[in-house]
Amino acid sequence: MSSNVNKQIDVTEDIVMLRTTGSPFNDGNIICINQSDGLVFVDAGRIAETAKEFRKDMETRFKKKAKLMVLTHLHVDHLDGIAAFKDIPIIASQKAVELYLENEKNHHYSKQGREWFVENQNLEEKTGKFTLSKEWHTDWAVNYVKAKVYPPTLGVKEELAIGNGDERFLFRPIGGHTECSSYLINENKGILIAGDNFNCEHADNSLCMLNSAIKFIDVLKKFEELDFNTIVPGHGKVVDKGYLTKTRQYLEEMSANMKKLKAKNTPVEEAINDPSLPSFFEEKLPQQMDSVLKFWYIEVN
């Protein structure tokens, strides 16, 4: 049984974020944008039932129907709830469309393909290479196999305007977290919806941003050039632009210092504990931080 807790958070009077906590599987945030002609949903989370309930709540609250689903990227924790939106257009980057079709061709999205992946993980676990949690078997694997996904109906190469006037959001592919990643920006209202190109509260959420920290620096710099005050992350709480800058500064300092240590041929176990490394920018340190630092050491040039 899942111990997930779903909480609806008002970003503004017209933007609501559904955040799932209590899950060890880092369910992605789902966002609802209320526009004059209908509701826009951004990302679908991991579980269709959760997404369906959120959609129903938002349609009741705003007394409008959903008109559009926008995917920031194709990872399962943002895609697998997409059945809740199968009746409306699904927007993604053109690269996401291409990757979806490739994955579909290779049977990655079929029930049989998903069952094969779970069985392969179970077999790998029996070899002693890793240990899968009880929740992985009873929650993640069950919902992963059950999920039925649907392809994007429109691929965007450069930019797509969603809505008009002050309520208009611009959807833009950017890469970074994945080659198909995108974001949405409304500079009139000062809102950036970043997908997994920005996450926070890393001790309680996915480490995907930290594990790929080097390539995030350039994306965060591009975000800083935009005119916004509030950033809605792919995982974690809603924060302000200053939080993003603090994150970027930490990643830059960590990268620079790791390069110096690597240039001196400092052994990796010594490097990750070197006093020159900056203190983590959040209050809680992720449990897997040593693994992250080792990865950075390997990746920096």
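Take the Cβ atoms of K237 and V145, set R0 to 30 Å, and the FRET efficiency comes out at 0.45. What the Cα atoms of the chain give is an Rg and a Dmax of 19.6, 62 Å. For the range 245-255, 3J(HN,Hα) computed residue by residue from phi via the Karplus equation (6.51, -1.76, 1.60; θ = phi - 60°) reads 4, 4, 5, 4, 4, 4, 5, 5, 5, 4, 4 Hz, glycine and proline entered as x. Per-residue 3J(HN,Hα) values for the range 178-185, derived from phi via the Karplus relation 6.51 cos²θ - 1.76 cosθ + 1.60 with θ = phi - 60°, read 9, 5, 9, 6, 9, 9, 10, 9 Hz in sequence order (x marks Gly and Pro). Positive end of the dipole of the range 258-299 (Cβ unit charges, origin at the Cα centre): among I272, L293, L261, the Cα lying farthest that way belongs to L261.
Farthest toward the positive end of the dipole of the chain, out of G195, V76, I88, is the Cα of I88, where the dipole comes from beta carbon charges about the Cα centre. Taking H as built 1.01 Å from N, whose amide H comes closer than 5 Å to the amide H of V156, not counting residues under 5 places away? HN-HN under 5 Å from V156: A92, S93, Q94.
Listed by Cβ neighbour count within 10 Å, with the fewest neighbours leading, I47, I217, I82, I272 appear as I217, I272, I82, I47.
Pick out, in residue order, every one of the chymotrypsin sites (Phe, Trp or Tyr not before Pro) in the range 22-82 that is DSSP loop and has at most 12 other C-beta atoms within 10 Å; say none if there are none. Let's see the in-between values first.
Numbers: sites: F25, F41, F54, F62; in loops: F25.
Sparse-neighbourhood loop chymotrypsin sites (Phe, Trp or Tyr not before Pro): none present.
On full extension, the segment bounded by N188 and E135 gains 14.8 nm, given 0.36 nm per residue less the C-alpha separation. Applying the Karplus relation 6.51 cos²θ - 1.76 cosθ + 1.60 with θ = phi - 60° to the range 284-296 yields 3J(HN,Hα) values of 9, 8, x, 4, 9, 5, 4, 5, 4, 5, 5, 5, 4 Hz, where x marks Gly and Pro.
E270: net charge of surrounding residues, Cβ under 12 Å, Lys/Arg +1, Asp/Glu -1, itself excluded?
Numbers: positive: K262, K264, K294; negative: E269, D274.
Taking every other residue near E270 into account, the sum is +1.
When a/c is below 1.5 the answer is rounded, else prolate if a/b is larger than b/c, else oblate, so apply that to the range 169-215 with a ≥ b ≥ c taken from the square roots of the Cα gyration tensor eigenvalues. Each step should come with its number before you reach the end.
Details: a/c = 3.12, a/b = 1.53, b/c = 2.04.
Here the range 169-215 falls in the oblate category.
With N counted as the residues of the range 258-299, its alpha-carbon radius of gyration over 2.2 N^0.38 Å works out to 1.14.
Greater than 18 Å separation of Cα atoms is the criterion. Which listed pairs, K52/K146; K7/K237; K215/K259; K67/K241; K129/K284, meet it? Display every interim value, and only then the final one.
Values: K52/K146 15 Å; K7/K237 11 Å; K215/K259 15 Å; K67/K241 29 Å; K129/K284 28 Å.
From the list (K52/K146; K7/K237; K215/K259; K67/K241; K129/K284), the Cα-Cα distance tops 18 Å for K67/K241; K129/K284.
Of the residues L220, V156, S133, the one whose Cα sits farthest towards the positive end of the charge dipole of the chain is V156 (charges of +1 on Lys and Arg Cβ, -1 on Asp and Glu Cβ, taken about the Cα centre).
Can you show me the helix-derived [θ] at 222 nm for the chain, built from DSSP H runs with n ≥ 4 at -39,500 (n - 2.57) apiece and divided by the number of residues, rounded to the nearest 500. So the calculated ellipticity at 222 nm is -10500 deg cm²/dmol. Rounded to the nearest 5, what % of the DSSP beta bridges within the chain are antiparallel ones? Counting only bridges with both partners in the chain, antiparallel ones make up about 70 percent.
Distant-in-sequence amide contacts of I174, defined by a placed amide H-H separation under 5 Å and a gap of 5 or more residues or a different chain, comprise S181, S182, Y183.
Values in this text are rule-based calculations from the coordinates and carry no lab data. Computed from a predicted model, the values in this text were never measured in an experiment. Because the Cβ atoms are built from the backbone with ideal geometry, glycine has one as well, and the counts that use them run over all protein chains shown.
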